[in-house]
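Asker: The following block contains the structure, expressed as structure tokens.
The values are calculated or read from the model by the stated rules, or taken from the named source; none is laboratory data. Because the structure is a prediction, the values reported are computed rather than measured. Virtual Cβ from ideal backbone geometry, glycine too; neighbours counted across all protein chains shown. When the accessible area is computed, the model is the full protein with side chains, heavy atoms only, and any ligands, DNA or RNA have been set aside. Shrake-Rupley method; radii C 1.70, N 1.55, O 1.52, S 1.80 Å.
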Amino acid sequence: MVTTNDITRVKNYLLALQDDICAKLEKIDGKRFQEDNWQYQNGQGGGRTRVLENGNVIEKGGVNFSHIEGNELPKAILAMKPELTGFSFQAMGVSLVIHPQNPYAPTSHMNVRLFIAEKEGQTPFWWFGGGFDLTPFYGFEEDCIHWHTMAYKSCKDFGDNTYAKYKKQCDEYFYLPHRQECRGIGGLFFDYLNDWDFETCFLFTQSVGNHYIKAYAPILDKRKDTVYGEREREFQLYRRGRYVEFNLVIDRGTHFGLQSSGRTESILMSLPPLVKWVYNYHPEAGSQEEKLYIDFLPVRDWLASK
């Protein structure tokens, strides 16, 4: 049973997490996020959207908090949980995407959330979800190892197989079947997490949320000033197309937000500001661009490379 106190604790954590991540990213960029508070038009609640555009380092980034309640579950949830037809819902979370200007600095994504479904006369359902993943355009092994080391550390107190389980789920989820390639080098992905008691699930979700900035900030800081030219920029814009394809065609979070009549500007803030599609593109043999496809996008055990 989830109590009102539990919900308050989760909400307070999520708001603090948003504050902490924004502060650390602002320290690297030198500019501040713009804050936009909004109300949920299809039910109760709302959110706090923070966006940074045309920064010194971040071309576009958003760190969003939302807490909404509705009387009818969106199709994106019912497709996975048809037994919840007729349930009302409550959802809260922090979701972010950071698109750096420099092609040598990878795009990153993180999400942590709590979902509660209720129906009179029925036992309420609750679960946590989330994770983080990295999308480089030019790969660096030390960055990938650091990213997955932080992912491992976020899981290490919650069972010997936890990292391996949620890394595998991440590799499988952030995959574009129509391209037959992964979106990036993965990380962690978990959903419908209620295998442990509420407190343990909440502690695990906090650990994942707290390790995101430990994983990303050092990489962003290291790569933000790397010299690049038109070739690297063009490849970055081309690869951003994969990000758009995934978010619009496959991503459950996007589908949930749009189907629940959420705030469109906040939902689609994850899309990059500039992107390019090139017909029948193939990277030059032996190039750094080809190396991304050969050495980084295929699923790997990055911790074995340490």
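Asker: Could you check the spin-label model distance between residue 53 and residue 264? Points 7 Å from the Cα along Cα→Cβ, value in nm.
Answerer: Roughly 1.6 nm, to one decimal.
Asker: If you don't mind, another one. When the gyration tensor of the range 34-186 is built from Cα positions, what are the square roots of 5 times its three eigenvalues, in whole Å, from largest to smallest? Please list the in-between numbers first.
Answerer: Working: eigenvalues 189, 97, 41 Å².
Result for the range 34-186: semi-axes of 31, 22, 14 Å.
Asker: Extension gain residue 4-residue 81, at 0.36 nm per residue separation less the Cα-Cα distance, in nm?
Answerer: Working: separation 77, 0.36 × 77 = 27.72 nm, distance 2.40 nm.
Result for the pair: 25.3 nm of gain on full extension.
Asker: Accessible area per residue, 1.4 Å probe, Å², for the range 96-153: what's the number?
Answerer: 30 Å²
Asker: Taking the highest mean first, how do the peptides 44-54, 114-124, 184-194 order by number of other beta carbon atoms within 10 angstrom per residue?
Answerer: Per-residue Cβ counts within 10 Å, averaged per peptide and sorted highest first, yield 184-194, 44-54, 114-124.
Asker: Compute the label zone of residue 38 within the range 73-92: residues whose backbone N is under 20 Å from the point 7 Å along Cα-to-Cβ.
Answerer: It comes to 73-77, 89-92, nothing else.
Asker: On to the next question. Would you work out the relative contact order for the chain, in percent, from Cα pairs under 8 angstrom that are 6 or more residues apart?
Answerer: 18 percent
Asker: How much of the accessible area of the chain, probe 1.4 Å, is carbon plus sulfur, in whole percent?
Answerer: 49 percent
Asker: For the range 1-50, what class follows from the C-alpha gyration tensor (a ≥ b ≥ c being the square roots of its eigenvalues): rounded when a/c is under 1.5, otherwise prolate if a/b is larger than b/c, else oblate?
Answerer: oblate
Asker: Starting from the Cα-Cα distance between residue 299 and residue 221, subtract it from 0.36 nm times their residue separation and give me the gain in nm to one decimal.
Answerer: 25.5 nm
Asker: Could you calculate the FRET efficiency of residue 200 with residue 279 from 1/(1 + (r/R0)^6), where r is the beta carbon distance between them and R0 is 41 Å, rounded to 0.05?
Answerer: 0.25
Asker: Suppose accessible area is computed on protein heavy atoms with a 1.4 Å probe; arrange 147, 126, 196 from highest to lowest.
Answerer: Heavy-atom accessible area, descending, gives 196, 126, 147.
Asker: If I take R0 = 25 Å and measure r between the Cβ atoms of residue 287 and residue 250 in this structure, what FRET efficiency does the formula 1/(1 + (r/R0)^6) give, to the nearest 0.05?
Answerer: Between residue 287 and residue 250 the formula returns 0.35.
Asker: Taking semi-axes √(5λ) of the Cα gyration tensor in Å as the quantity of interest, determine which of (i) 25, 23, 20; (ii) 32, 21, 19; (iii) 28, 22, 22 was computed from the displayed structure.
Answerer: The value computed from this structure is option (ii).
Asker: List the lysines whose Cα lies under 17 Å from the Cα of residue 165, skipping any in the same chain that are fewer than 8 positions away.
Answerer: Within the straight-line limit of under 17 Å, residue 165 reaches these lysines: 153, 156.
Asker: Next up: Given the protein chains as shown and a 1.4 Å probe, how many square angstrom of residue 284 are accessible, to the nearest 10?
Answerer: Accessible area of residue 284: about 110 Å².
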